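Right, I'll just put the structure down here and ask away after.
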Amino acid sequence: MADAPLNGIRIVELAGIGPGPFAGMMLADHGAEVIRIDRPGRGGITIDAKDPLLRSRRSVALDLKKPEAIAAVRRIVGQADGLIEGFRPGVTERLGLGPDVLLADNPRLVYGRMTGWGQTGPMAHEPGHDINYLAISGALHAFGRAGEKPTPPINMVADFGGGGMMLAFGMLAALLHVQRTGEGQVVDAAMTDGSALLMSMIWGFRGMGRWSDRRGENLLDTGAHFYDTFECRDGKWISLGAIEPQFYAEFRAVMGLDAPEWDRQMDPRSWGPLKAELERRFREKTRDEWVAAFAGHEVCFAPVLGFDDALADPHNRARGTFVEAGGVTQPAPAPRYSASATVAPTMAGERDDAGVLRDLGFAPQEIAALGH
């Protein structure tokens, strides 16, 4: 395999939580050299050494309240292709590390900004979390069952899909722009924007008159009897997604659903009664018995697996979906390439602040002045 696709790219990450580190992890997974600027303290141990979001990069602790540390960050960023920061708007400007300063130092820099609300707008300076960004983007309203309250899908959609992954994509797009033009720029990644963008298909359905504003009554939100999860006799669950006619027909054949009412697959008026019947039938067997019954049939069916079962699943094992590094089981880098390698994860551990600074060209006396 060839080198990882981002080999030769250097990113500086100002320490944060959640989506910023996730973007840094993705870039590091694919070969970028990511140097994390941590806050001082914790006796030389990189923060959260068992956190996969911090894998595969080096870190150095610098006190950004001190002018000499700010000068050091400017020097480090001056040698970098990109920067990731996740502070509230205006914080890096007050530190003397805003985009005007750093882009003046390094005109080719891609300055990645990760926030919930974005750099502009009436809520830009408000605090918030994933659930709040989902709320105003319209996404949270769509998550949940009929007659029940909106239920956030933990923090997958705003923090990671609409946040960190969107920032990583935006930074790569801007890096390609730099290669063509030599011009760096700011990437303003807002979780409100990103979570709204992830709902593009649903907005399309709405525009076509195929999606109701009533939660839990639509094709993909557990309204339909053929797209939902079902409890089995042993208390475990299966998932069913038999949307297309050929998959629905095969599903009916496996389940023995011959009565004419099952012909009304796309009639929402039939969904409630048919789902109630499926709930009764799926409770007749254990999850593994249903897995065996559907094996070899093209139905769009899969068991709902917990963490331990997911690790043991033959498909996941065959693809190496999960790996272990530093005693921590975690998802492997994704996606995969035909000609390039991804980076085998290494967990954060003892910081080597002086070593990192030395490798970046700092002299011993300069390292000592920074407290290392």
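Return the pair list, or none, for Cβ contacts closer than 7 Å from residues in the range 337-355 that are farther than 26 Å from Pro40 by Cβ to residues that are among the hydroxyl-bearing types (Ser, Thr, Tyr), at least 6 apart or on different chains.
Val343/Ser56
OK, next. Looking at the range 167-194, which of its residues are among the hydrophobic types (A, V, I, L, M, F, W, C) and more than 12 Å from Tyr133 (Cβ to Cβ)?
Within the range 167-194, Leu167, Ala168, Phe169, Met171, Leu172, Ala173, Ala174, Leu175, Leu176, Val178, Val186, Val187 qualify.
On to the next question. Taking the range 137-166, which residues are surrounded by fewer than 18 Cβ atoms within 10 Å (Cβ to Cβ), in a helix (DSSP H, G or I) and free of Cβ contacts under 8 Å to residues at least 60 places away in the same chain?
Scanning the range 137-166 gives a single hit, Met156.
Right, another one. From the residues in the range 198-242 that are more than 25 Å from the chain's Cα centre (by Cα) and part of a helix (DSSP H, G or I), which one is farthest from Phe307 (Cα to Cα)?
Once the filter is applied, the top-ranked residue is Gly207.
OK, next. Given the conditions (1) crowded, with 17+ Cβ neighbours inside 10 Å; (2) over 23 Å from Gly371 (Cβ atoms), and given that Arg88 satisfies all but one, which numbered condition is not satisfied?
(1)
Oh, and also: Suppose we keep only residues that are within 15 Å of Asp193 (Cα to Cα) and hydroxyl-bearing (Ser, Thr, Tyr) within the range 104-121. Which one would you say is surrounded by the fewest Cβ atoms within 10 Å (Cβ to Cβ)?
Taking the candidates together, the pick is Thr120.
Ok, one more. Look through Ala23, Ala4, Ala28 and report the one residue that is modelled with pLDDT of 95 or more, under 11 Å from Arg57 (Cβ atoms) and not acidic (Asp, Glu).
Answer to the check: Ala28.
While we're here: May I ask you to verify whether Gly112 is in contact (Cβ under 8 Å) with a residue 60 or more places away in the chain, assigned by TED's automatic domain parsing to the domain that holds Gly163, within 18 Å of Pro21 (Cβ to Cβ) and not aliphatic (A, V, I, L, M)?
For Gly112, the condition - in contact (Cβ under 8 Å) with a residue 60 or more places away in the chain, assigned by TED's automatic domain parsing to the domain that holds Gly163, within 18 Å of Pro21 (Cβ to Cβ) and not aliphatic (A, V, I, L, M) - is met.
Something else about it: So how many residues does the range 8-21 have that are buried (at least 24 other Cβ atoms within 10 Å of the Cβ) and within 13 Å of the chain's Cα centre (by Cα)?
Of the residues in the range 8-21, 3 are buried (at least 24 other Cβ atoms within 10 Å of the Cβ) and within 13 Å of the chain's Cα centre (by Cα).
With the structure loaded, tell me whether Gly8 is at positive phi and either of a type outside the set (S, T, N, Q) or touching a Pro at 6+ places or on another chain (Cβ under 7 Å) (or both) or whether it fails that test.
yes
So, one more: Would you say Ile37 is of a type in the set (Val, Ile, Thr), surrounded by fewer than 16 Cβ atoms within 10 Å (Cβ to Cβ) and either in the same structural domain as His129 (by TED's automatic domain parsing) or not in a loop (DSSP other than H, G, I, E, B) (or both)?
Spelling it out, it is not the case that Ile37 is of a type in the set (Val, Ile, Thr), surrounded by fewer than 16 Cβ atoms within 10 Å (Cβ to Cβ) and either in the same structural domain as His129 (by TED's automatic domain parsing) or not in a loop (DSSP other than H, G, I, E, B) (or both).
For every residue, the table says whether it meets (1) in contact with a helix residue (DSSP H, G or I) (Cβ under 9 Å, 6 or more places away or on another chain); (2) crowded, with 16+ Cβ neighbours inside 10 Å; (3) not assigned by TED's automatic domain parsing to the domain that holds Leu305.
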{"residue": "Arg215", "(1), (2), (3)": "yes, yes, yes"}
{"residue": "Asp221", "(1), (2), (3)": "yes, yes, yes"}
{"residue": "Gly235", "(1), (2), (3)": "yes, no, no"}
{"residue": "Gln246", "(1), (2), (3)": "no, no, no"}
{"residue": "Ala253", "(1), (2), (3)": "no, no, no"}
{"residue": "Pro260", "(1), (2), (3)": "no, no, no"}
{"residue": "Pro268", "(1), (2), (3)": "no, no, no"}
{"residue": "Arg281", "(1), (2), (3)": "yes, no, no"}
{"residue": "Asp288", "(1), (2), (3)": "no, no, no"}
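Within the range 90-98, can one find any residue that is without any contact (Cβ under 8 Å) to a residue 40 or more places away in the chain and closer than 21 Å to Gly349 by Cα?
Taking every residue of the range 90-98 in turn, none turns out to be without any contact (Cβ under 8 Å) to a residue 40 or more places away in the chain and closer than 21 Å to Gly349 by Cα.
Regarding the range 283-296, can at least one residue be identified that is within 33 Å of the chain's Cα centre (by Cα), part of a helix (DSSP H, G or I) and under 30 Å from Gly349 (Cβ atoms)?
No.
The values are calculated or read from the model by the stated rules, or taken from the named source; none is laboratory data. Just so we're clear, the structure is a prediction, and the values are computed from it rather than from any experiment. We place every Cβ from the backbone using ideal geometry, glycine too, and count neighbours over all the protein chains shown.
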